[in-house]
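Heads up, the thing below is written out as structure tokens.
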Amino acid sequence: MTVKQKRMLIRILGTFGIYIALTVTEHLGLLPFGEKSPIWPALYLIPYFLIGWDIIYRALRNIRNGQVFDENFLMALATVGAFAVQQYSEAVAVMLFYQVGELFQNYAVNRSRQSISDLMDICPEYANIEEDGQLKQVDPDDVSVGDIIVIKAGERIPLDGRVISGDSMIDTSALTGESVPRRVRAGDEMISGCVNGSGLLRVEVTKEFDDSTVARILELVENASSKKAPVENFITRFARYYTPVVVIAAVVLAILPPLFFGQTWSEGIRRACTFLVISCPCALVISVPMSFFSGIGAASKKGVLVKGSNYLEALANVHTVVFDKTGTLTKGEFKVTGIYPSGDAAQETIEKRQDTDKADGWSASQLALLELAALAESSSDHPVSRSIREAWGHSFEHTRIADAEEIPGHGIRVKADGRTVLAGNDRLMKKENIAYKPCPGVGTVVYLAEEGNFLGSILISDVIKEGIPEAIRDLKKAGAAKTVMLTGDRRENGEAVAKEIGLDEVHAELLPGDKVDMVEKLLAECKGKEKLVFVGDGINDAPVLSRADVGIAMGSMGSDAAIEAADIVLMDDDPRKIAAVVRISRKTLRIVMQNIVFALGVKLIVLAMGAFGAANMWEAVFADVGVSVIAILNAMRALKG
């Protein structure tokens, strides 16, 4: 409980004690003056102002600022009206129980925020810089890129960087929700916000604090509540018009019956005050945003960062889930599994490049083709390129490579040993009018040509990530009607992966721009409230992530591109969490609808009772505070996910 909440609890207990003493004294007639004595309202004003001064202050302040119709105004007007008709005890009781409800609301809201605010604990307080053989603690903001920081066992990693020396296990649970630590050694990349488990690490800083993973995540967490769901915006608009309407209705209720139906003015004002207390929209205004915030909190417990309640609501209506392949469904850990030199005259050209004995199971001609491919791909950082260089396993002199030109969606053109070499997919061969022999294997294929002559192909296979088939099954159980894969890979390879993991559709051999066009087409197929979700690695899928109704970045462990482009970020590489977040979103939306129906239903019934004199202030307190408490308890169920 916060200090503010403790102070409110003291005010409530103090007011309750005074209120009980006054009520008992009044009923027993222990004081020497009568019930109609002006001393009674003065005595009841003591607990009234003790418990309600802040509500009256906020009501007056809002009136001065032009914001008249809110719950503070309704409570102040209703209780002042109750004093006017000598219902002193009821006026204090209404204000007292309203504040009890407010205290409960504040506690519940803080509870629902807790799982998200836990993320705020990832913010590092200091960084260790070594000066003159001594460690000096400095503000992370004061550390520059290239500086060496020292992270001792048990300390939080303050900045993104690369391990220079040391070996340790890193606790990533603050970011991923997973308790299994990750080992890091010299040369490994590290992200801020995690905790160093055991060994001493020296880390070269690669990003300033403002650009670090932890800073970006904290910024997103702080702004998560600013992106409201459509139903939240509806409640805000509803309250804007609802409150003035009920105030006008209360005025009519206080004036018309005494004027035309012979009712006493005292009874008219009493009914109007009861009507005002009943009409307070606290249950809706508090419980609906709180339900969404609880849902976002439940997702964060699982290591999933949802950027706003609007995305959580959209996810509840998911119809089509579209996946990128490489880095999302597959590990992106490519390995050369086949080398197929051409059987025509070009074979002779290959073998002239290098006289190599058999090694690693490859023939001399295969190794010669592999060397040429490694040369061609030496300037690219694509996973396929890296796999070819790793398979070759030797370094090159940079003077052997010149004029490297990447052809998007096709491959690369480069001068290798003074000769023009093409390395890429079959589209590149067709584009350059080179007759080629299709690769017999299933996987990613790199075709090679030199000086216009086809030399052969290299087959690279990717590995499907663990849990992907299960994730697809869970998504369908969670309500996704269609699962689709988009890939720039060959159709045979794409279809093989889709069949293995159970996808409904495959669209292969797509250029980057084709993926956006395909998503547009799939979006057009969604009807009504049906939503399309795109799941990508967040690095090269930014245009598609942005175009989808909901963009989910996975497998990025907090990369900048994932955090910037996606609406929802999986902070680790577990695809099964997508279905879990869909279930959380649907449960959250069910709770929101339950609260709306319950709150409005009860209020309409009791409002009608109040208008006809069948409800007193105590029923009014239940219709306001009681309904709010029940709705809040229901909203807190979303925290369990």
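The values are calculated or read from the model by the stated rules, or taken from the named source; none is laboratory data. The structure presented is a predicted model; accordingly, all values stated were derived computationally and were not measured. Positions of Cβ are backbone-derived with ideal geometry, glycine not excepted, and every protein chain shown enters the neighbour counts.
List of remarks:
- For first residues located in region 566-591 and in contact (Cβ under 8 Å) with a residue 60 or more places away in the chain, partners that are in a helix (DSSP H, G or I) and β-branched (Val, Ile, Thr) and lie 6+ apart or on another chain with Cβ distances below 6 Å form the pairs VAL569/ILE563; MET571/THR176; ASP572/THR176; PRO575/ILE468.
- On inspection, GLY641 fails the criterion of being under 30 Å from PHE104 (Cα atoms), crowded, with 24+ Cβ neighbours inside 10 Å, modelled with pLDDT under 80 and of a type outside the set (Asp, Glu).
- Scoring LYS476 on the criteria (1) surrounded by 17 or more Cβ atoms within 10 Å (Cβ to Cβ); (2) touching a strand residue (DSSP E or B) at 6+ places or on another chain (Cβ under 8 Å); (3) over 28 Å from ALA376 (Cβ atoms); (4) not acidic (Asp, Glu) leaves a single failure, condition (1).
- In this structure, PHE598 does satisfy being under 25 Å from ALA299 (Cβ atoms), outside the structural domain of ALA553 (by TED's automatic domain parsing), of a type in the set (Phe, Trp, Tyr) and part of a helix (DSSP H, G or I).
- Flag for ASP160 being modelled with pLDDT of 80 or more and within 24 Å of the chain's Cα centre (by Cα): yes
- Look at region 471-499: where a residue is of a type in the set (Ser, Thr, Tyr) and a partner is part of a helix (DSSP H, G or I) and buried (at least 22 other Cβ atoms within 10 Å of the Cβ), sitting 6+ places away or on another chain with Cβ atoms under 6 Å, you get THR483/ILE472; THR487/GLY494.
- Of the criteria (1) under 25 Å from THR326 (Cβ atoms); (2) surrounded by fewer than 20 Cβ atoms within 10 Å (Cβ to Cβ); (3) among the small types (Gly, Ala, Ser), which one ALA364 fails: (1)
- All positions within region 450-494 that are part of a helix (DSSP H, G or I) and under 30 Å from ALA314 (Cβ atoms): ILE468, PRO469, GLU470, ALA471, ILE472, ARG473, ASP474, LEU475, LYS476, LYS477, ALA478, GLY494
- The criterion of being farther than 30 Å from ASN616 by Cβ, touching a residue at least 24 places away in the same chain (Cβ under 8 Å) and not assigned by TED's automatic domain parsing to the domain that holds ILE552 does not hold for GLY308.
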